[in-house]
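Take a look at the structure set out below.
The values are calculated or read from the model by the stated rules, or taken from the named source; none is laboratory data. If you're wondering where the values come from, they're calculated on a predicted model, not measured in any experiment. When we count neighbours, we look across all protein chains shown, and the Cβ atoms used for this are built from the backbone with ideal geometry, even at glycine.
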Amino acid sequence: MTNMEYIGNESEWITDELMSLLTNNSGSKLPVWDRNRFQGHPLLEEIAVAGEGYYGDTIPDRYFHVFYSQTDCMKDYNFTLPNHIAPQSSIVWWFTKLNPGEFQFMHYDAILLGVAHDDPEFTNVASAKKLINPKRYTMFLQDYHPGHVFVYDDKISVNYKKGDLYEWNNPETLHGVMNISFKPRYTLQLVMYDKAI
């Protein structure tokens, strides 16, 4: 079972510039389901089989939004690690924005399973390796709002505060998110590891 270990609060890390970028831009729009995003590892294949059982070959016209270093509006953004986190050799960061009614199906993070992609839609597997000493963090960029739902294993995360930072004790965690409120939901997602072999 997974626990989310509270690391500390980093509300001062969340700048007006950052929130303006996330609020006023769409980021990279990803469909909630695309079979090609779930390949390269047995756990991803489990998700692929489940998704194909419902969607078949159809890619639905429903999306969520991510912002990472290659996203146009983020290219000049100077990402720095939150103070409570010690750096490792490799750092992968992204922000997630869920507008009202948007969601991500229950899934595993491909990057934590060692699956790297070479395209912005995360559909073309470039390599599949084992990560040494992987770490996974989530920071909430706003106070909890009713209808902002984060599910991991059999738990739901509520009552967090803006800047609350958590480390996942099991990087290979099945999780999903949805926004059933009328207020956009924003988070920082962070993966670090020593090397990939």
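Need pairs with beta-carbon distance below 6 Å; first residue on the phi < 0 side of the Ramachandran plot and within region 39-68, second among the small types (Gly, Ala, Ser) and surrounded by fewer than 18 Cβ atoms within 10 Å (Cβ to Cβ); sequence gap 6+ or separate chains.
Matching pairs, first to second residue: 65/26.
If you go through region 73-93 one residue at a time, do you hit one that is among the acidic types (Asp, Glu) and in contact with a Lys or Arg (Cβ under 9 Å, 6 or more places away or on another chain)? Give the steps one after another, and end with the answer.
Looking only at region 73-93, we keep the residues that are among the acidic types (Asp, Glu), and these are 76.
Checking which are in contact with a Lys or Arg (Cβ under 9 Å, 6 or more places away or on another chain) leaves us with none.
Among the residues of region 73-93, not one is among the acidic types (Asp, Glu) and in contact with a Lys or Arg (Cβ under 9 Å, 6 or more places away or on another chain), which makes the answer no.
Taking the residues in region 152-179 that are among the aliphatic types (A, V, I, L, M) and at pLDDT below 95 as candidates, determine which candidate is surrounded by the fewest Cβ atoms within 10 Å (Cβ to Cβ).
Going through region 152-179, the residues among the aliphatic types (A, V, I, L, M) turn out to be 156, 158, 165, 174, 177-178.
If we keep only those that are at pLDDT below 95 too, we end up with 156, 158, 174.
Details: 156: 8, 158: 11, 174: 16.
Taking the candidates together, the pick is 156.
List the strands (runs of 3 or more DSSP E) that sit entirely inside region 68-186 and contain at least 1 residues that are basic (Lys, Arg) and within 24 Å of residue 16 (Cα to Cα). Give the derivation first.
Details: elements: 90-98, 103-107, 115-117, 125-128, 135-140, 148-152, 164-168, 175-179.
Of the strands (runs of 3 or more DSSP E) lying wholly inside region 68-186, those with at least 1 residues that are basic (Lys, Arg) and within 24 Å of residue 16 (Cα to Cα) span 90-98.
Taking the condition at pLDDT below 95, out of contact with any Phe, Trp or Tyr (no Cβ under 6 Å at 6 or more places or on another chain), of a type in the set (Lys, Arg) and under 20 Å from residue 189 (Cβ atoms), does residue 75 pass?
Working: at pLDDT below 95: yes; out of contact with any Phe, Trp or Tyr (no Cβ under 6 Å at 6 or more places or on another chain): yes; of a type in the set (Lys, Arg): yes; under 20 Å from residue 189 (Cβ atoms): yes.
The answer is yes for residue 75.
Out of 112, 98, I need the residue that is at pLDDT below 95 and either of a type outside the set (Val, Ile, Thr) or touching a strand residue (DSSP E or B) at 6+ places or on another chain (Cβ under 6 Å) (or both). Which one? Outline the logic, then answer.
Working: 98 fails: at pLDDT below 95.
From the options 112, 98, the qualifying one is 112.
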